[in-house]
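The values are calculated or read from the model by the stated rules, or taken from the named source; none is laboratory data. As the structure is a prediction and not an experimental result, all values here were calculated from the model. FYI the Cβ positions are ideal-geometry reconstructions off the backbone, even for glycines, and counts take in every protein chain you see.
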Amino acid sequence: MDNVASKIEKRIESLGKGSIFFPDDFIDLGSSDAIRQTLVRLCKEEKIVRIAQGIYCYPKVDEELGLGILMPSLDDVANALAKRDKARIVPTGIYALNVLGLSTQVPMNYVYLTDGSARHLEMYNGRKITFKRTTPKNLAFTSKLAMLITFALKALGKENLEEENIKKIHELLKHEPKESLIKDLPLMPVWIRNLITSTYE
C-alpha cells in the first residue's frame, strides 16, 4: 500500500502545480481502493484538493501575496474533463457572452454544449458546471471563434442584438482570416451568417 501511495504521489508531483487529475489516471498503479485511500489522505494533508466528485487538483500556492491555494477556474475543470473524455465543448449562455466581451455579467454557473456525456457537476465553491448533449454537427466548426460567436448570439437572440454588440463582433473577427470562416457559414443561422460576412465586406 505504501509503495502504491508513493507512486501516486510522485506521479501527481510530475504533473506539475495547477494540474487537474482523476482517480483513473492512477489505475495502472494499484487497486481502486488503494487509489481512493491515497487521494483521501493527500487531501487531508492539504497536498491536493478535491474540487468535485472524482476530480482533484494539485494546486498552485501563492506565497508572494499570501493568497494561499489558487484554485483552478471552472473553465479549466471543464476543459480537463473534455480532454479526458475526448469530447468537444463550447460555452453557451451568459458565459459565452462574457468570454466574448458582449456582456459584463459574470455567471455563477457555466453551461457548455458537448458531443460527450451530459452531466451536472457541483463544484467545491457551490458553483455548478453543466454539460448539455448536442449533435456533433453543432460542434463541427473549424473556427473556434466562429463557434463561440454563434452560440453566444443564439443565447442573446436576434431581437436583443444591439449596435454595440455588432461592433464588438466585427472587432473580434478583424484578425480572423475569412478563409477559416467560410466552411463554418452553413452551420450558422442566416442572421448570424449575415452578421459575420458583413465584417469582410
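Numbers for the structure displayed
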item: Candidates Arg84, Arg119 - the one that is in contact (Cβ under 8 Å) with a residue 40 or more places away in the chain, in the same structural domain as Glu163 (by TED's automatic domain parsing) and within 19 Å of Phe22 (Cα to Cα); result: Arg84
item: Residue in the stretch 112-139 that is surrounded by the most Cβ atoms within 10 Å (Cβ to Cβ), counting only those that are of a type outside the set (S, T, N, Q) and more than 18 Å from Leu74 (Cα to Cα); result: Asp115
item: Any hit, the stretch 90-111, residues being crowded, with 19+ Cβ neighbours inside 10 Å and either modelled with pLDDT of 95 or more or under 16 Å from Tyr124 (Cα atoms) (or both); result: yes
item: Qualifying residue in the stretch 26-49 (condition: closer than 15 Å to Leu121 by Cα, part of a strand (DSSP E or B), touching a strand residue (DSSP E or B) at 6+ places or on another chain (Cβ under 9 Å) and not assigned by TED's automatic domain parsing to the domain that holds Ser143); result: no
item: Exclusive hit being out of contact with any His (no Cβ under 8 Å at 6 or more places or on another chain), within 19 Å of Ser103 (Cα to Cα) and of a type in the set (Asp, Glu), set Glu159, Glu176; result: Glu159
item: Where a residue in the stretch 1-24 is part of a strand (DSSP E or B) and its partner, wherever it lies, is buried (at least 16 other Cβ atoms within 10 Å of the Cβ) and among the β-branched types (Val, Ile, Thr), with Cβ under 7 Å and at least six apart; result: Ile20/Ile55; Ile20/Val77; Phe21/Ile12
item: Residue check for Gly18: surrounded by 13 or more Cβ atoms within 10 Å (Cβ to Cβ) and at positive phi; result: yes
item: The one condition in (1) under 30 Å from Thr142 (Cβ atoms); (2) in contact with a strand residue (DSSP E or B) (Cβ under 8 Å, 6 or more places away or on another chain); (3) touching a residue at least 60 places away in the same chain (Cβ under 8 Å) that Gly101 fails to fulfil; result: (2)
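Every residue, every condition in (1) modelled with pLDDT under 90; (2) among the aliphatic types (A, V, I, L, M), yes or no:
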| site | (1), (2) |
| --- | --- |
| Asp115 | no, no |
| Ala118 | no, yes |
| Tyr124 | yes, no |
| Ile129 | no, yes |
| Lys137 | yes, no |
| Leu148 | no, yes |
| Ala155 | yes, yes |
| Leu161 | yes, yes |
| Ile166 | yes, yes |
